[in-house]
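FYI, it's all coordinate maths here, none of it is from the lab. Bear in mind that the values here come from a model prediction, so they are computed numbers and not experimental data. Ideal geometry is used to build each Cβ from the backbone, glycine not excepted, and the neighbour counts take in all protein chains shown.
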Amino acid sequence: MLKLTEGEKNYLLEMRALSTDAQGNDVYVGLTSSESERFHFLSDPHKSLERSESEEYLALNDKHELARLLVIDAENTLRVEKPSKH
């Protein structure tokens, strides 16, 4: 379970970086619950990472960012194809 402040959660939702899995857990977009927990742990700016941890972080970050960009692209496509009426 991700331990996020309300502010962190709102920011991540706005950035399309956070989702909910089938079990109702908050997860980083594109990552499983366990990957999300590990990514969150490795993302701590106060933590000094070993080389293997840095590589793991980068792999999880790449996976997450690709999925996040696909979400943003899909939302943009919907806006362009079906613009709201004013």
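Some notes on this structure:
- Scanning region 4-30 for residues that are of a type in the set (A, V, I, L, M, F, W, C), in a loop (DSSP other than H, G, I, E, B) and either in contact with a Ser or Thr (Cβ under 9 Å, 6 or more places away or on another chain) or over 11 Å from His64 (Cα atoms) (or both) yields Leu4, Met15, Ala22, Val29.
- Selection within region 26-45: residues that are among the polar types (S, T, N, Q) and in contact with a strand residue (DSSP E or B) (Cβ under 6 Å, 6 or more places away or on another chain). The member of this set that is farthest from Tyr11 (Cα to Cα) is Ser33.
- Looking only at region 24-69, residues that are within 10 Å of the chain's Cα centre (by Cα), of a type in the set (Asp, Glu) and closer than 17 Å to Met1 by Cβ come to 1 in all.
- Against the numbered list (1) of a type in the set (Lys, Arg); (2) surrounded by 10 or more Cβ atoms within 10 Å (Cβ to Cβ); (3) free of Cβ contacts under 8 Å to residues at least 40 places away in the same chain, Arg68 comes up short only at (3).
- The single condition among (1) in contact (Cβ under 8 Å) with a residue 24 or more places away in the chain; (2) buried (at least 16 other Cβ atoms within 10 Å of the Cβ) that Glu75 does not meet is (2).
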